[in-house]
Ligand code: ADP
Ligand code: MG
């Protein structure tokens, strides 16, 4: 794509920055702030949504129906018509033809400008052809002045911030801001080169790329700006990815300078085996090879005097909990404390029950125990638990984010384990780290996630973490069969539920997610609960939803876990972590409203025992069947694979990274320009360059990160 490297600021660049004095300006300035456009660099990086071509005048005779054109013409008639509706009709002519302008709303000042005889520059969409051209509400101004040499940018904006003001602000920023190169000498991003005036191939500099993207020359292929494949776009994306990599690798290096307790298991004085070996001995199963491998990776980290930050990934049901318990043993063995946090009380409760079962007898022999901390706890119980935590008698503390609340004082916390880590907010994670470090010691952190993170995401947003993957399910699981069924066949599904329950199995029924409306979620679940209770006489059908008081939730879960309850109707509160191996059928209503990864999580609630399990995805059909078909297409991926990584990859393609990152990053810190699905080669380049740059050009690295991330880089470290 030969491209002339004609990049120059338009004339307006030489005019002053917008004045801040008048009242109007301050409104606009507030609006700028609202858009986060405070620094010059923010404005320089605020790229146009689209462009308008005001660089040429189209003779009226050449204007095609539906075309957006700029014409220059003289007003030959102007009148206000009252019927059928009050409107201003203006006839204009150039040397080649005429056109009628029609305005339904207009002010006297408009009429004045549009007076007969006036020569105007008019921009709008032409309707009709040779016999009767029309423009509805075109933009117009008196003709005169040079035509701009570049396309006119149209920016994303907000109320109180008119385009002309924003344009001037951007141009002003571009003249002031320092856009000197921060790439080290010889570090060339893998982007398309351009031809310069002397015919040589070279790269866009950052400055040239930005000036070009704000004011492209009219010969540009607009499609390359729209799909971000233009060399100027590539340059920006490479720079952005580099900033992200630098910031993450930097925070990793900072962490490596911190100290953390060395946790190395040893035989106790009385000759007893280390705790983790004792736990392995009482487990009713052997660890899978994958569990053993990640266990060793974690153990190696814990034996080092620097804080571990490791992400443990494993598909639903891969057995992360026991790996967490074994890691906890390594900490508790050495006399330290360990915290295990889960995003919901139900999940925390399950972990607690499991940990008690596995560890309490072993800990009791050492005079220690497991403590329990959640939000809605009775004051007396809570006080007792807090005392256990403070004295160090609690070797393990299980709970929700209540574990990191202010009143909680650990004696010596060495390891924090966060289950379903993407459910925790950035602020919570920052708080965790700040709270837990004491006496110059940071705790180790193990984050667990069942939402498999596609490789490109792991390389970018999670570049500051080490990643362990459990890529194997425990033996003896029969694969879950997934069926897509139109909701018009709900009755058949209900009949199947009856058969499952009669065979001693249990069933989940997940009600549709109704975005932004907990109330509707609830009424839906309640109605379904009533329907199923009626259709299945003699079967205990329970209801679980997020508004229920905790005690009631617990009671329902207990009935289901014990096997007394045959069917559990639920909103998505069961999504994460619930483990009832006897459940063998999962029905998800309005499956088309869920993300694929979320469906995969839900499906993972069954197939945990030896019994053959199934997942039924009910999708909505309408009269024409059309909505049903597209939904079905997307859902088909679920039936095709049980591989969480593959599903995550497809989900990423369809829905972008937000879903996976959850609250890991505020929207601010998300990549704005780069697209991980298409820019993998740029990501690889940035990942390789970042460490070299930190080693050899630390000043450039600092400048680069400051330019791109400003004050946001803190969030990347959470
Ligand atoms: P997840 O990774 O989704 O958190 P869990 O830790 O809840 O999975 O484990 C799922 C189920 O598999 C639990 O019932 C657990 O006890 C069991 N399990 C874990 N590891 C093994 C293993 N190696 N062999 C057999 N069952 C296992
Ligand atoms: Mg789990």
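Modelled label-to-label distance, residue 555 and residue 688, 7 Å Cα→beta-carbon offset: nm?
Result for the modelled spin labels: 6.3 nm.
Highest mean first, how do 173-183, 489-499, 315-325 rank when packing is the count of other Cβ atoms within 10 Å averaged over residues?
On the way: 173-183: 17.2, 489-499: 14.6, 315-325: 22.6.
Put in order of decreasing packing, that is 315-325, 173-183, 489-499.
Work out Dmax and Rg for the stretch 126-247 from the C-alpha atoms and quote the Rg first, both in angstrom.
Gyration radius and largest Cα-Cα distance of the stretch 126-247: 18.6, 62 Å.
Rounded to two decimals, what ratio of Rg to Rh does the stretch 55-165 give with C-alpha atoms and a Kirkwood Rh?
On the way: Rg = 14.5 Å, Rh = 14.9 Å.
On the Cα set of the stretch 55-165, Rg over Rh gives 0.97.
Would you calculate a helix-derived [θ] at 222 nm for the chain, using -39,500 (n - 2.57) for each DSSP H run of n ≥ 4 and dividing by the full residue count, to the nearest 500?
Computed mean residue ellipticity for the chain: -12000 deg cm²/dmol.
Sort 280, 586, 68 so that the residue with the fewest other Cβ atoms within 10 Å of its own Cβ comes first and the one with the most comes last. If you can, show how the numbers build up before the last one.
Values: 280 17, 586 24, 68 13.
Ascending number of Cβ neighbours within 10 Å: 68, 280, 586.
In which sequence would 462, 195 go, from the one with the fewest C-beta neighbours within 10 Å to the one with the most?
Ordered from fewest to most neighbouring Cβ atoms within 10 Å, 462, 195 come out as 195, 462.
Could you work out how much longer the chain between residue 383 and residue 494 gets when fully extended? Use 0.36 nm per residue separation minus the Cα distance between them, nm to one decimal. Walk me through the intermediate numbers first.
Details: separation 111, 0.36 × 111 = 39.96 nm, distance 4.72 nm.
Taking residue 383 through residue 494 to full extension adds about 35.2 nm, to one decimal.
Mind giving me the FRET efficiency for residue 610 and residue 300? R0 is 35 Å, r the Cβ-Cβ distance, nearest 0.05 is fine. Mind dumping the intermediate values first?
Working: r = 34 Å, r/R0 = 0.97.
It comes to 0.55.
Taking the Cα-to-Cβ direction at residue 119 and at residue 30 and moving 7 Å from each Cα, how far apart do the two end points lie in nm?
In this crude spin-label approximation the distance works out to 4.3 nm.
How long, wide and thick is the stretch 446-486, going by the Cα atoms along their three principal axes, in whole angstroms, largest first?
41, 30, 15
Stretched out fully, how many nm does the piece from residue 289 to residue 672 gain, at 0.36 nm a residue minus the Cα gap?
Using 0.36 nm per residue and subtracting the Cα-Cα distance, I get 133.9 nm.
Would you mind computing, in nm to one decimal, how far apart the modelled labels at residue 502 and residue 481 are, each placed 7 Å from Cα along Cα→Cβ?
1.7 nm
With r defined as the distance between the Cβ atoms of residue 217 and residue 455 and R0 fixed at 30 Å, what FRET efficiency is calculated, to the nearest 0.05? Working shown, then result.
Details: r = 38 Å, r/R0 = 1.26.
With R0 = 30 Å, the Cβ-Cβ based efficiency is 0.20.
Once a ≥ b ≥ c are taken as the square roots of the eigenvalues of the Cα gyration tensor of the stretch 333-422, is the result rounded (a/c under 1.5), prolate (a/b larger than b/c) or oblate (a/b not larger than b/c)? Before the final figure, lay out each step's value.
On the way: a/c = 1.38, a/b = 1.18, b/c = 1.17.
Rounded.
Relative to the compact globular guide of 2.2 N^0.38 Å, what is the alpha carbon radius of gyration of the chain, as a ratio? List each step's numbers first, then the result.
On the way: Rg = 31.8 Å, N = 718, 2.2 N^0.38 = 26.8 Å.
Computed over Cα atoms of the chain, the ratio equals 1.19.
At 20 °C and 1.002 mPa s, grab the translational diffusion coefficient of the stretch 173-213 from Stokes-Einstein with a Kirkwood Rh over Cα pairs, rounded to a whole number in µm² per second. Don't skip to the answer; put the middle values down first.
Numbers: Rh = 11.6 Å.
In µm²/s, the coefficient is 185.
Could you work out the relative contact order of the stretch 60-142? I mean the mean sequence separation of Cα pairs under 8 Å and 6+ apart, divided by the number of residues, in percent. Display every interim value, and only then the final one.
Values: 184 pairs, mean separation 29.3, N = 83.
The value is 35 percent.
Taking the beta-carbon count within 10 Å as an exposure proxy, list 695, 269, 466 from fewest neighbours to most.
Details: 695 10, 269 6, 466 14.
The order, fewest Cβ neighbours first, is 269, 695, 466.
Length gain on complete extension for the stretch residue 405 to residue 369, per 0.36 nm per residue less the alpha carbon to alpha carbon distance? Numbers along the way, then the final one.
Numbers: separation 36, 0.36 × 36 = 12.96 nm, distance 2.05 nm.
Between residue 405 and residue 369, full extension yields an extra 10.9 nm.
Between residue 57 and residue 546, what FRET efficiency follows from the Cβ-Cβ distance if R0 is 51 Å, with the result rounded to 0.05? Intermediate results must be reported in sequence, preceding the final value.
On the way: r = 61 Å, r/R0 = 1.20.
My answer for the efficiency is 0.25.
Computed from the coordinates by the stated procedures, all read-outs in this text should not be read as laboratory data. Being a predicted model, the structure only gives us computed values, none of them experimental. For neighbour counting, all protein chains shown are included, and Cβ atoms are generated from backbone atoms with ideal geometry for every residue, glycine included.
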